[in-house]
Every structure is written in C-alpha cells, then in structure tokens.
1. Only one of 65, 55, 37 is out of contact with any Ser or Thr (no Cβ under 7 Å at 6 or more places or on another chain) and open to solvent by less than 50 Å² (accessible area, probe 1.4 Å). Can you tell me which?
2. Tell me the residue from 31, 47, 17, 26 that is open to solvent by less than 100 Å² (accessible area, probe 1.4 Å) and in contact (Cβ under 8 Å) with a residue 24 or more places away in the chain, please.
3. Return only the number of the condition from (1) loosely packed, with under 12 Cβ neighbours inside 10 Å; (2) among the charged types (D, E, K, R); (3) in contact with a Lys or Arg (Cβ under 7 Å, 6 or more places away or on another chain) that residue 2 does not satisfy.
4. State which residue is modelled with the lowest pLDDT when the search covers only the stretch 1-20 and only residues that are hydrophobic (A, V, I, L, M, F, W, C) and more than 24 Å from residue 52 (Cα to Cα).
Amino acid sequence: MKIVEEIGEAAVLEGLAEECCELAQAALKRARVYRGLNPTPVSEEEAKAMVLEELCDVNACVCALWPHTDWF
C-alpha cells in the first residue's frame, strides 16, 4: 500500500516540510564544523552522516508523493 493512500497527501507534505527543516539544520551544523568558528561537539563524520540521513528522509517523502521522480 502506498504511504500517501494510508496517511494522506497532507500528512506526507507535513513530513516533507519537517524533514526539509531538519536537513537545513544538519547542513548548518556541518558548515559550523567546517568553519570551526562556532564550536559544536559534533565531529565532521557525524555532521556528514546527519546531512545524509536527513537527505534520505527528504527523498523518502518526495518518492512517496511523486513515485516516478528520479532526482538522485
């Protein structure tokens, strides 16, 4: 069963918005690690993993909404 049919398009769009916000936060965290000017306890590897995880979550939402999208 398709996730959109199970929980509805609006709920998946809400999830997409949330995941986009989390991706933005992860990208900002990684930028802080790169610059080293605003210290964070996250290592470069952890920051990279966080961005990848959130990017995958965004991709999952996009694929649920538009299953024939091939943007990666």
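1. So the residue among 65, 55, 37 that is out of contact with any Ser or Thr (no Cβ under 7 Å at 6 or more places or on another chain) and open to solvent by less than 50 Å² (accessible area, probe 1.4 Å) is 65.
2. Step by step, each of 31, 47, 17, 26 is checked, and only 26 is open to solvent by less than 100 Å² (accessible area, probe 1.4 Å) and in contact (Cβ under 8 Å) with a residue 24 or more places away in the chain.
3. Of the numbered conditions (1) loosely packed, with under 12 Cβ neighbours inside 10 Å; (2) among the charged types (D, E, K, R); (3) in contact with a Lys or Arg (Cβ under 7 Å, 6 or more places away or on another chain), the odd one out for residue 2 is (3).
4. Ranking the candidates gives 1 first.
The values are calculated or read from the model by the stated rules, or taken from the named source; none is laboratory data. Keep in mind it's a predicted model, so treat the numbers as computed, not measured. Cβ sites come from the backbone with ideal geometry, for glycine too, and all protein chains shown count toward neighbours. Accessible surface areas use protein heavy atoms only, side chains included; no ligands, DNA or RNA. Shrake-Rupley method; radii C 1.70, N 1.55, O 1.52, S 1.80 Å.
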